[in-house]
Amino acid sequence: MTLPIFGQEDARPVRPGSGGATNRTRIVLWDVDGTILRNGGRAGLLYDDAIRDVSGFEPVGAHPGEHGKTDAQIISERLTEYGLDPALLPRVSARLDELSEAGNAGPSARQLAPGVPEALAAVADAGWVNGLLTGNSPARVRFKFAGAGLPVDRFDWAHSYFGDRALVRSDITRAAAQDLAGSTAVILGDTPSDGSAADAVGFPFIAVATGVFSEDVLRETSAIAVVPDLVEGLPAVLAALATL
Ligand SMILES: [Mg+2]
């Protein structure tokens with residue numbers, strides 16, 4: 001499968017959109033893993049596959065607790081844990097992109113979280129732009145969406161923000177806040193890390209419990225709304241957006 005070519009802007013350390021978001025744009029910045037897509041049971045193995053391919057080192061062991069971290073953060077932490085050179089990060093990231101096509105297709109394809117297409121439509125109908133804010137690279141998001149059957153044009157890619165080279169998620173929200181100055185932006189995500197990254201720049205946060213974190217845990221964040229999923233919870237999400 002051939003996917004669209006990624007532009008030069010994809011080479012930036014934290015990839016902000018093209019800039020120039022008009023004042024008073026209202027944008028929902030969607031997290032990907034656990035929010036748009038159900039978490040994949042084998043998704044975490046691809047990082048080690050990429051590290052092995054680049055370094056020759058054979059990683060072993062599980063890595064719980066990585067939900068909400070950026071790709072660069074996960075790779076960097078694993079490189080350190082394995083005693084490998086942190087400078088391998090760009091090569092491992094590039095290899096991860098390559099592996100993510102087959103790694104998100106066929107039996108490894110990711111599933112949409114419940115109600116996502118309808119929620120995207122409802123958010124757009126309410127006058128909000130749908131953007132992305134994720135720890136994935138653009139390439140990985142495109143492969144994951146292709147596997148899940150979600151058209152990429154459901155999102156404004158010029159105002160989407162990627163963290164495959166950001167070591168902390170708040171660096172992504174800072175890039176978004178700079179790019180979207182004058183707009184109203186909301187983070188929609190499934191982890192407390194989404195909330196703390198939103199807090200870092202004063203974005204409101206809406207939490208959806210379709211990842212590994214329960215509603216009770218997510219209520220301990222700054223979230224202005226916590227919903228179980230985007231079916232039952234869609235009215236509450238729309239009501240929260242209407243207050244902003
Ligand atoms: Mg997530």
Working only within the stretch 122-141, note down all residues that are under 12 Å from residue 164 (Cβ atoms), in contact with a Lys or Arg (Cβ under 9 Å, 6 or more places away or on another chain) and either in a helix (DSSP H, G or I) or free of Cβ contacts under 8 Å to residues at least 40 places away in the same chain (or both).
138
For the stretch 142-166, give me each residue that is free of Cβ contacts under 8 Å to residues at least 12 places away in the same chain and among the charged types (D, E, K, R).
153
Just wondering, is there one or more residues in the stretch 97-111 that are in a helix (DSSP H, G or I), in contact with a Gly (Cβ under 6 Å, 6 or more places away or on another chain) and buried (at least 20 other Cβ atoms within 10 Å of the Cβ)?
no
Every pair of residues 6+ apart whose Cβ atoms lie under 6 Å, when the first sits in the stretch 208-236 and is more than 14 Å from the ligand (Cβ to nearest atom) while the second is of a type in the set (Lys, Arg) and modelled with pLDDT of 95 or more:
226/219
Tell me which strands (runs of 3 or more DSSP E) are completely within the stretch 168-244 and hold 1 or more residues being surrounded by fewer than 19 Cβ atoms within 10 Å (Cβ to Cβ) and at pLDDT 95 or above, or say none if there are none.
184-189
Tabulated pairs, the stretch 185-198, first among the polar types (S, T, N, Q), second surrounded by fewer than 24 Cβ atoms within 10 Å (Cβ to Cβ) and assigned to a helix (DSSP H, G or I), C-beta under 8 angstrom, 6+ apart or interchain:
196/170
Within the group 243, 173, 221, which residue is more than 14 Å from residue 29 (Cα to Cα) and in contact with a Phe, Trp or Tyr (Cβ under 7 Å, 6 or more places away or on another chain)?
221
Of the candidates 20, 56, the one satisfying the condition of being at pLDDT 90 or above and not hydrophobic (A, V, I, L, M, F, W, C) is 56
Tell me which of these residue 74 doesn't satisfy, since it passes every other one: (1) over 30 Å from residue 234 (Cα atoms); (2) in contact (Cβ under 8 Å) with a residue 24 or more places away in the chain; (3) of a type in the set (Val, Ile, Thr); (4) away from the ligand (no atom under 15 Å from the Cβ).
(4)
Evaluation of residue 2 against (1) at pLDDT below 95; (2) away from the ligand (no atom under 16 Å from the Cβ); (3) surrounded by 11 or more Cβ atoms within 10 Å (Cβ to Cβ) (one fails), failing number:
(3)
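The values are calculated or read from the model by the stated rules, or taken from the named source; none is laboratory data. Remember, predicted model here, so these are calculated numbers, not experimental data. For neighbour counting, all protein chains shown are included, and Cβ atoms are generated from backbone atoms with ideal geometry for every residue, glycine included.
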